[in-house]
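Below is one structure, written out as structure tokens; the observations come after it.
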Amino acid sequence: MDKPVIVALDFADDFECINFLNQFPKSEKLFLKIGLEMFCQFGYPFVHNLRERGYNIFLDLKLHDIPNTVKRTCEMIAKWDVQMLTVHASGGAEMIAAAKSGLAGSKTKLLAVTQLTSLGQNELENELQIPLKSADYVAHLAKLAFDNGADGVISSALEVPMIKDATSSDFLCITPGIRPKSAQVGDQKRVATPAQARTLGSDGIVVGRPITQAQDGHQAYMNICKEWNK
Ligand SMILES: O=C(O)c1cc(=O)[nH]c(=O)n1[C@@H]1O[C@H](COP(=O)(O)O)[C@@H](O)[C@H]1O
């Protein structure tokens, strides 16, 4: 798989989303992330529709439940022919392994979310009461995901070198929290530019608002791809 720029489709309605996609030439082979906002409203038919149109799909459901429930859910998703699926690494070793076994026989890559990019050191210590440096917590969760069969993790680009050291160079690091220099950071805490993410060894970047809320979404996407592929 080439290193993709994955567009996060965080739209309130499907009409707005399809209008957004129609800005792109048909030849543009987009990699799209369907997250909770759209999946909760439009479910599997929406995923199926976008697969039929030839898009690669990252289904970002961030599953986090008991192993049996996660396994059964993954068995269902395994039939959907999506390229990537997320679970929370903090669901534990057994849950990650259960997710992987649920996906058996499919080509869907299992990605474990480490520490959300919207959480910094302060939130980790004071809200979640995790007495670790953020980087150590991310490395710990990445190792847990690696040891239990995940294909990769979701983390900030800033942590990629450390994750690859703690796991393996081909363990996928897909990184949201991407902000071109001119973009607003918003609710993200651990951010990097597309160029920084590339230099740090990220295997793919996830970008939402800097593209979906731009005046010209296609141009914003092209600019980010240019910086990413430099
Ligand atoms: O799993 C994710 O994709 C994810 C994990 C994470 O730690 N941080 C994070 O921002 N994301 C997702 O990546 C996207 C980032 O969107 P923007 O902040 O608008 O670029 C959103 O759809 C988030 O749900």
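All of the numbers you see were taken from the coordinates with simple rules; none came from a lab. These figures come from a predicted structure and were not determined experimentally. So basically every Cβ, Gly included, is an ideal-geometry build from the backbone, and we count neighbours across all protein chains shown.
Among W228, W80, sorting on how many other beta-carbon atoms sit within 10 Å of each Cβ, with the fewest leading, yields W80, W228.
Helices in the chain, meaning DSSP H runs of at least 4 residues, each add -39500 (n - 2.57). Divided by all residues, the mean residue ellipticity at 222 nm is -12000 deg cm²/dmol. The aspartates and glutamates whose alpha-carbon is closer than 16 Å to the alpha-carbon of K143, local same-chain residues fewer than 8 away aside, are E94, D151, E159, D165, D170. Straight-line reach from K230: which aspartates and glutamates have Cα under 17 Å away, leaving out those fewer than 8 places along the same chain? List returned: D2, D203. Taking the Cα centre of the range 5-229 as reference, the dipole from Cβ charges on Lys and Arg (+1) and Asp and Glu (-1) amounts to some 480 debye.
Annotation: average projected area of the range 5-229 is 11.9 square nanometres, based on the convex hull of Cα atoms across all directions.
Neighbour counting of Cβ atoms within 10 Å sorts the residues Y55, Y44, fewest neighbours leading, into Y44, Y55.
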